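Participant: Take this structure, written in structure tokens, and hold onto it; I'll ask about it next.
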Amino acid sequence: MTAEHRRLDEARRRKAHWKRWGPYLSERSWGTVREDYSPQGTAWEYFPHDHARSRAYRWGEDGLAGISDRHQLICLALALWNGRDPILKERLFGLTGNEGNCGEDVKEYYFYLDSTPTHSYMKYLYKYSQQAYPYRELVEESRRRRRGEFEFELLDTGIFDGDRYFDVFVEYAKASPEDILMRISVFNRGPEAVPLHVLPTLWFRNTWSWDGNTAKPFLERSDLPDGYIGVKCVHPYYGTRYLYCGGMSDSSGSHLARPQLLFTENETNVQRLFGVSHSSPYTKDGIHEAIVHGRIEATNRLSQGSKAAAHYSLTLAPFGSATLDLRFRPGPPEAGALGDGFNDIFSLRRSEADEFYAALGCRRLCDESQSVIRQAFAGLLWSKQFFHLDLKRWLNGDPAMPEPPPQRKLGRNRDWQHLYNADVISMPDKWEYPWYAAWDLAFHCLPLAVVDPDFAKEQLVLLLREWYMHPNGQIPAYEWAFGDVNPPVHAWAAWRVYKIDRKMSGRADLAFLERVFHKLLLNFTWWVNRKDAEDNNVFQGGFLGLDNIGVFDRSRELPTGGHLEQSDGTSWMGMYCLNMLAIAMELARHDRAYADVASKFFEHFVYIAGAMHNLGGEGIELWDKEDGFYYDVLHLPSGSLLPIKLRSMVGLIPIFAVETLDPETVNRLPSFKRRMQWFIDNRAELGENITVQSAPAGQRRMLSIVNPRRLQRVLRFMLDENEFLSPYGIRALSRHHKDHPYTLNLNGNQHRVDYEPAESRTGLFGGNSNWRGPVWFPVNFLIIESLQKYHYFLGDSFQVEFPTGSGQTLNLWQVATQLSQRLIRIFMRDSTGRRPLYGGTRKFQEDPYWRDLILFHEYFHGDNGAGLGASHQTGWTGLVAKLLLQSGE
């Protein structure tokens, strides 16, 4: 057991609160739904970036490279000023959905380099230009560009030309659960001496302005032992703490001047924003005013407030560097807090992080693979965020604030007034999603289970709790629309996390499995009651997270009327049934009462699988016998049915529904075995989705929507390089549609879908993502798992051509391995030293200070593997760490 494993064990047993402090501070909270109090729900416009420096947030804070306690009452982060920017750099900037030609996008370069699961050690890099940040140019040029053009990126502005920028590294190390060391190392990558202002900033989340009754904490200057200065932090919950502010040393070893302390209040500057006189002369932007505009009177001369910064002003020599150290700890001031032991703690925590990841199996991989894995886990762990929202209070307003506009009562999320969230949650990323997304989180939990199974289990339980899950059983989708429908993958994630935890710890956490199973029963019932419109075991689902994959916006009423009989919706439910069956059978080994529930899910699956191939018992199929593929069927108001012959991921999702029942498992549950046999004997017409093999202990049975005969035909498309198979995984839409766009003519309107391997050219869902050709990690991961399950039953004798038409045959395990390698290839250097991830971006491909940095994009170009969409969505793209650990290079 490594030192980090011991810390995790102490946290699990509540012997030490190692996870109280972590990277729970978002890097962008402006332009979010929680801060939107507009009449029509225009979140991006109501609280723009220009307001963020001056306006107190209601629900959550933001900052660069920041940390906070798990309730985000106290925040510590970095601010910078290069002497040229119009504002302090305190948070990330980017385009809102209405500003970008490809939707919402961050326009910064920052990287999560390392983290342990208890955050005993963390490392972060921010690249800060020495020229003025081009805020206006980014917005104006992006608005000018059409949807089919490339995005205008920060590198395109030229501000990094000539390497005139700073690399700013921020590291944290915990001496104890409450004693946090912070080191900021700045490198001038340019050829000239340049000034830089570095401002580590400590502040309180504003909890006192909204009801008028909450006690206000305070900060004040403190002279500390050994000649240091610092900030005394007094909070009614956390007591008294001190931020020690050390001096700064440069690359020659010279000690530079100690910082100047600046204090203000975390209060809105209503004069600047709304032209109203404010009650306090000190506001949230007071430190900005003092540094950028020289208005020192904007800060409190008495050195008190609720926001404070240690201002380090320096000039860095050409290619020079400087380092500054800080320490945040409770209790009375202590001599030697920033002495020699400071370096020793950092060295120890770094080596312990190396030891922890080596114990996971990283050591057997090449250095490049280890780097990808460490950065993938770092992104996942840095993206743990405090999320706070009391939806009833959000709708009705706060007692000490003006009443919100009445239109809100009929607007977004009004049906979710039970929802009260104040937790640390695994986010898709810290920019585009300063809020959780249910099906994203399910995928996050698999790699998270490898490093911290307790956190992964806690996350899956959390979204099923009564203050998250709707009373009707629906799991909240995401903050933009909690009532939207994501694929039901929660049961799959719970079952997989349970097995990962059991393998790693040697303990079967049946209490966790039973706990999630009971709540998932409610969610499963919601699906059956709400999404099977005609009670025929065919599910509509709607949006299902695949954005623009279809001919229509599937989250809205169809322009044709009627509804879609969804191949993916029905298949997800088939998969859900089998996940619940597997969990029920595991629980039944210890409590026979679950055997009856297992029987229910066995039978329900067979009915769903049968309905896919005989809709409503009328011989109508979602399976197209002529093509050998699954399609959605449009059910028109007239009662007529029209197959939507669009070859997309929708038609591959049926292979996710597969599970094997081994005779050894079935024989331990005699009541389940008897009921299953009765059902098979008396429902023979449904038997084609049950494949049987003889085994020494009895019959092995494979339950699958796609039986072996159909699987051969589906894989013929999936493994064809002119269809779904990309050099970098499986595309979301067949490349066949590049030369043969799908068109549907109805009611005088033409609906068209083209193969789009890069960014979306449509405005559906804000144009922010694209399922019409790119490679997406979550569904690719499920494809790989499904092929492995098929191989477990069918064995080596079941062979398919790979690629289709090559004449070379592989078994399904080998195919799954090949697909894993293609996904991994996105991040690895090829024979020319270039990573597909970065396409033609020379800076990332060639520059020694950029080429080893990895971004984990939302999705990837279907033909060349370049990263697309949200650039830091490590969440489900972090699955590459799991693939590397289980299959190697």
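The values are calculated or read from the model by the stated rules, or taken from the named source; none is laboratory data. These numbers were taken from a predicted model, which means no experiment stands behind them. With ideal geometry, Cβ positions are generated from the backbone for all residues, glycine too; neighbour counts draw on all protein chains shown. Just so you know, the surface numbers come from the protein's heavy atoms only, side chains and all, with ligands and any DNA or RNA stripped out. Shrake-Rupley method; radii C 1.70, N 1.55, O 1.52, S 1.80 Å.
Participant: Residue by residue through segment 773-809, note down the ones that are open to solvent by 10 Å² or more (accessible area, probe 1.4 Å) and either assigned to a helix (DSSP H, G or I) or at pLDDT below 95 (or both). Reasoning before the result, please.
Facilitator: Pass one, segment 773-809, residues open to solvent by 10 Å² or more (accessible area, probe 1.4 Å): 785, 788-789, 791-792, 794-799, 801, 803-809.
Matches in segment 773-809: Glu785, Gln788, Lys789, His791, Tyr792, Leu794.
Participant: Quick one: which residue in Gly320, Gly336, Gly294 is within 30 Å of Gly190 (Cβ to Cβ), out of contact with any Lys or Arg (no Cβ under 8 Å at 6 or more places or on another chain), loosely packed, with under 14 Cβ neighbours inside 10 Å and of a type outside the set (Asp, Glu)?
Facilitator: Gly294
Participant: Of all residues in segment 504-522, which are surrounded by fewer than 15 Cβ atoms within 10 Å (Cβ to Cβ) and within 19 Å of Phe443 (Cβ to Cβ)?
Facilitator: Met504, the sole residue that qualifies.
Participant: Would you call Leu381 closer than 27 Å to Ala309 by Cβ and in contact (Cβ under 8 Å) with a residue 24 or more places away in the chain?
Facilitator: Details: closer than 27 Å to Ala309 by Cβ: yes; in contact (Cβ under 8 Å) with a residue 24 or more places away in the chain: yes.
The answer is yes for Leu381.
Participant: Can you spot a residue in segment 369-386 that is among the aliphatic types (A, V, I, L, M) and in a loop (DSSP other than H, G, I, E, B)? If you could, list the steps in order and put the result at the bottom.
Facilitator: Here is the first cut: in segment 369-386, the ones among the aliphatic types (A, V, I, L, M) are 372-373, 376, 378, 380-381.
Retained after the next criterion (residues that are in a loop (DSSP other than H, G, I, E, B)): none.
No: zero hits.
Participant: Let me ask something additional. Just to be sure before I move on: is Lys174 touching a helix residue (DSSP H, G or I) at 6+ places or on another chain (Cβ under 8 Å), without any contact (Cβ under 8 Å) to a residue 60 or more places away in the chain and open to solvent by less than 10 Å² (accessible area, probe 1.4 Å) in the structure I sent? First the steps, then the outcome.
Facilitator: Values: touching a helix residue (DSSP H, G or I) at 6+ places or on another chain (Cβ under 8 Å): yes; without any contact (Cβ under 8 Å) to a residue 60 or more places away in the chain: no; open to solvent by less than 10 Å² (accessible area, probe 1.4 Å): yes.
So Lys174 fails the test.
Participant: Of a type in the set (S, T, N, Q) and either modelled with pLDDT under 95 or exposed (fewer than 15 other Cβ atoms within 10 Å of the Cβ) (or both), is that true of Ser726?
Facilitator: Numbers: of a type in the set (S, T, N, Q): yes; either modelled with pLDDT under 95 or exposed (fewer than 15 other Cβ atoms within 10 Å of the Cβ) (or both): no.
Here the answer is no, as Ser726 does not meet what is asked.
Participant: Give segment 561-570 a look and list any residue that's open to solvent by less than 10 Å² (accessible area, probe 1.4 Å) and assigned to a loop (DSSP other than H, G, I, E, B), or say none.
Facilitator: The first filter runs over segment 561-570 and keeps only residues open to solvent by less than 10 Å² (accessible area, probe 1.4 Å), leaving 565-570.
Selection gives Gln566 alone.
Participant: I'd like to know if segment 743-753 contains one or more residues that are touching a residue at least 12 places away in the same chain (Cβ under 8 Å), open to solvent by less than 30 Å² (accessible area, probe 1.4 Å) and within 19 Å of Phe629 (Cα to Cα).
Facilitator: Within segment 743-753 (the criterion being touching a residue at least 12 places away in the same chain (Cβ under 8 Å), open to solvent by less than 30 Å² (accessible area, probe 1.4 Å) and within 19 Å of Phe629 (Cα to Cα)), the answer is yes, since at least one residue qualifies.
Participant: Of the numbered conditions (1) of a type outside the set (Val, Ile, Thr); (2) surrounded by fewer than 18 Cβ atoms within 10 Å (Cβ to Cβ); (3) assigned to a loop (DSSP other than H, G, I, E, B), Glu10 fails exactly one; give the number of that condition.
Facilitator: Glu10 satisfies every listed condition except (3).
Participant: Can you list the strands (runs of 3 or more DSSP E) lying wholly within segment 229-278 that have 1 or more residues being of a type in the set (Val, Ile, Thr) and under 21 Å from Thr299 (Cα atoms)?
Facilitator: Working: elements: 229-235, 239-250, 260-264.
So the answer is 229-235, 260-264.
Participant: Sort out which residues of segment 262-288 are surrounded by fewer than 22 Cβ atoms within 10 Å (Cβ to Cβ), within 38 Å of the chain's Cα centre (by Cα) and not hydrophobic (A, V, I, L, M, F, W, C), and write them in order of number. Steps first, please.
Facilitator: First, pick out the residues of segment 262-288 that are surrounded by fewer than 22 Cβ atoms within 10 Å (Cβ to Cβ): 270-281.
Applying the additional criterion that residues be within 38 Å of the chain's Cα centre (by Cα) yields 270-274.
Hits for segment 262-288 are Gln271, Arg272.
Participant: Further question: What pairs come out if I take residues in segment 852-881 that are at positive phi and crowded, with 24+ Cβ neighbours inside 10 Å and pair them with residues that are modelled with pLDDT of 95 or more and hydroxyl-bearing (Ser, Thr, Tyr) whose C-beta lies under 6 Å away, six or more apart or interchain?
Facilitator: Gly865/Tyr728
Participant: Tell me yes or no: at least one residue of segment 540-560 is touching a helix residue (DSSP H, G or I) at 6+ places or on another chain (Cβ under 7 Å), open to solvent by 10 Å² or more (accessible area, probe 1.4 Å) and among the polar types (S, T, N, Q).
Facilitator: yes
Participant: If a residue counts only when it is open to solvent by less than 30 Å² (accessible area, probe 1.4 Å), which strands (runs of 3 or more DSSP E) contained entirely in segment 577-690 have at least 2 such residues?
Facilitator: Numbers: elements: 632-635, 641-644, 658-661.
Fully inside segment 577-690 and qualifying: 632-635, 658-661.
Participant: Something else about it: Could you check segment 645-702 and list, in sequence order, the residues that are within 21 Å of Asn579 (Cβ to Cβ) and of a type in the set (Lys, Arg)?
Facilitator: Arg668, Lys673, Arg675, Arg700, Arg701, listed by residue number.
Participant: Same structure, new question: Looking at segment 125-164, which of its residues are more than 27 Å from the chain's Cα centre (by Cα), closer than 24 Å to Ala77 by Cβ and either assigned to a strand (DSSP E or B) or not β-branched (Val, Ile, Thr) (or both)?
Facilitator: Scanning segment 125-164 gives Ser129, Gln130, Gln131, Ala132, Tyr133, Pro134, Phe160.
Participant: Among the numbered criteria (1) closer than 27 Å to His71 by Cα; (2) open to solvent by less than 20 Å² (accessible area, probe 1.4 Å), which one does Cys362 miss?
Facilitator: Unmet for Cys362, out of (1) closer than 27 Å to His71 by Cα; (2) open to solvent by less than 20 Å² (accessible area, probe 1.4 Å): (1).
Participant: Let me ask another. Given the residues Ala866, Ala870, which is the only one that is modelled with pLDDT under 95 and more than 30 Å from Asp796 (Cα to Cα)?
Facilitator: On the way: Ala866 fails: modelled with pLDDT under 95.
After applying the criteria, what remains is Ala870.
Participant: Among the residues of segment 165-179, which ones are in a loop (DSSP other than H, G, I, E, B) and of a type in the set (Asp, Glu)? Write out each step before concluding.
Facilitator: Initially, segment 165-179 is screened for residues in a loop (DSSP other than H, G, I, E, B), giving 177-178.
Glu178 - this is the single residue of segment 165-179 that is in a loop (DSSP other than H, G, I, E, B) and of a type in the set (Asp, Glu).
Participant: What tally of residues in segment 180-215 results from selecting those that are in contact with a strand residue (DSSP E or B) (Cβ under 8 Å, 6 or more places away or on another chain) and not in a strand (DSSP E or B)?
Facilitator: Start the filter on segment 180-215 by keeping residues that are in contact with a strand residue (DSSP E or B) (Cβ under 8 Å, 6 or more places away or on another chain), which leaves 180-190, 193-205.
With not in a strand (DSSP E or B) added as a condition, the list becomes 189-190, 193, 205.
Number satisfying all stated conditions: 4.
Participant: Identify, from the list Leu460, Leu464, Leu520, the residue that is outside any helix (DSSP H, G or I) and either at pLDDT below 95 or in contact with a helix residue (DSSP H, G or I) (Cβ under 7 Å, 6 or more places away or on another chain) (or both). Give the steps one after another, and end with the answer.
Facilitator: Numbers: Leu460 fails: outside any helix (DSSP H, G or I); Leu520 fails: outside any helix (DSSP H, G or I).
Result: Leu464 is the single residue among Leu460, Leu464, Leu520 that is outside any helix (DSSP H, G or I) and either at pLDDT below 95 or in contact with a helix residue (DSSP H, G or I) (Cβ under 7 Å, 6 or more places away or on another chain) (or both).
Participant: In segment 406-434, how many are under 16 Å from Gly41 (Cβ atoms), open to solvent by less than 30 Å² (accessible area, probe 1.4 Å) and either within 22 Å of the chain's Cα centre (by Cα) or not aromatic (Phe, Trp, Tyr) (or both)?
Facilitator: Qualifying residue count, segment 406-434: 3.
Participant: Residues of segment 827-856 being touching a His at 6+ places or on another chain (Cβ under 8 Å), within 18 Å of Ser369 (Cα to Cα) and part of a loop (DSSP other than H, G, I, E, B), which ones?
Facilitator: Leu855
Participant: For segment 524-538, which positions are assigned to a loop (DSSP other than H, G, I, E, B) and within 27 Å of the chain's Cα centre (by Cα)?
Facilitator: Restricting attention to segment 524-538, the residues satisfying the condition of being assigned to a loop (DSSP other than H, G, I, E, B) are 531-538.
Across segment 524-538, the qualifying residue is only Lys531.
Participant: Check Gly294, Gly190 and return the single one that is small (Gly, Ala, Ser), without any contact (Cβ under 8 Å) to a residue 24 or more places away in the chain and closer than 24 Å to Arg84 by Cα. Lay out the reasoning, then the answer.
Facilitator: On the way: Gly190 fails: without any contact (Cβ under 8 Å) to a residue 24 or more places away in the chain.
Exactly one residue qualifies, and that residue is Gly294.
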